[in-house]
1. So how much accessible area does TYR69 have, in Å² to the nearest 10, using a 1.4 Å probe?
2. Report, ordered by chain and residue number, the lysines lying within cross-link reach of LYS109, taken as a straight Cα distance under 19 Å and ignoring same-chain residues fewer than 8 apart.
3. Can you pull the accessible area of ARG176 for me, 1.4 Å probe, Å² to the nearest 10?
4. Working with all protein chains in place, sort ARG196, ARG29 by solvent-accessible area computed with a 1.4 Å probe, largest first.
5. Largest first, what is the accessible-area ranking of PHE168, PHE114, PHE13 with a 1.4 Å probe?
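The values are calculated or read from the model by the stated rules, or taken from the named source; none is laboratory data. This one's a predicted model, so the numbers in the text were calculated from it and none came from an experiment. Only protein heavy atoms, including side chains, enter the accessible area calculation; ligands, DNA and RNA are left aside. Shrake-Rupley method; radii C 1.70, N 1.55, O 1.52, S 1.80 Å.
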Amino acid sequence: MMKRTWTAEDIHFLRDAWGTLSLHSIANRLNRSVSAVRNRANREGLRDPRFIADVLTINQLSRALCVSYSVVMKWINRFSLPIETRVFVAHEVKTVDMSKFWKWAEFHKSLIDFSKVEPYLLGPEPTWVKTRRQADSIRDWRIKRSLTDAWTREEDRKLQNLLILQRFTYPEIAFRLRRSEEAIKRRIYFLGIKARPVRANNRFYSAEELSTMTSMAENGQCLEEIASRIGKSARGVRDKMERMGYKFKRGVPLFEEALS
């Protein structure tokens, strides 16, 4: 079956109706399938009609961020997410202005897992979102791998060789094996290995190391990443950051709470 060519008139109607009529209505008017209309809309650069406005309802925002309605309401009540009340078809609806949302989200990064948010689903993104999405992806991957992936013989041999050399700390070994420090500790115990990693110097922190810690915390990077970057243990870094006023969620320093 040959594909029907899209005429200039078809495309004009699609653009004019997008975000006003439902996909099914547009498909019926054009005598095309819903998937054909959706594919053409993607080619034309038309965004999801649910998110075409500069404001979103609470339901729309919760779906886009892959959280429940109650979570967004908690952000409103406990973390002052700015909202407005607008009238749509004679009904009052709580909405979030996206420009205000991004300003709020920058200060509350730890509340959102950006690895679950489709890039640009919420429109143009601030530059910091890309870094945060990468940090969330790495953190989630590390947690999942440490909990579910079985150790291979090759990994066990590499762990033993790194320990025999007596040159590497826990964070350095964790980085090389792409596992958490806790996973390394459990594996050493399980294998009955007597050798231990070199102790990291967790007592002294230079001004440069403290600056790196703060910067990485602001970007949402996990303890293992921060510890590996500055050559400290994750436990030592956590102790230091707790003394600096940080709190933690899923092993990630809550940068905004340290500022409050």
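1. 100
2. Candidates past the 8-residue exclusion: LYS74, LYS100, LYS130, LYS247, LYS249.
3. About 100 Å², rounded to the nearest 10.
4. Numbers: ARG196 110, ARG29 160 Å².
Sorted by accessible area, descending: ARG29, ARG196.
5. Values: PHE168 25, PHE114 0, PHE13 45 Å².
Ranked from most to least accessible, the order is PHE13, PHE168, PHE114.
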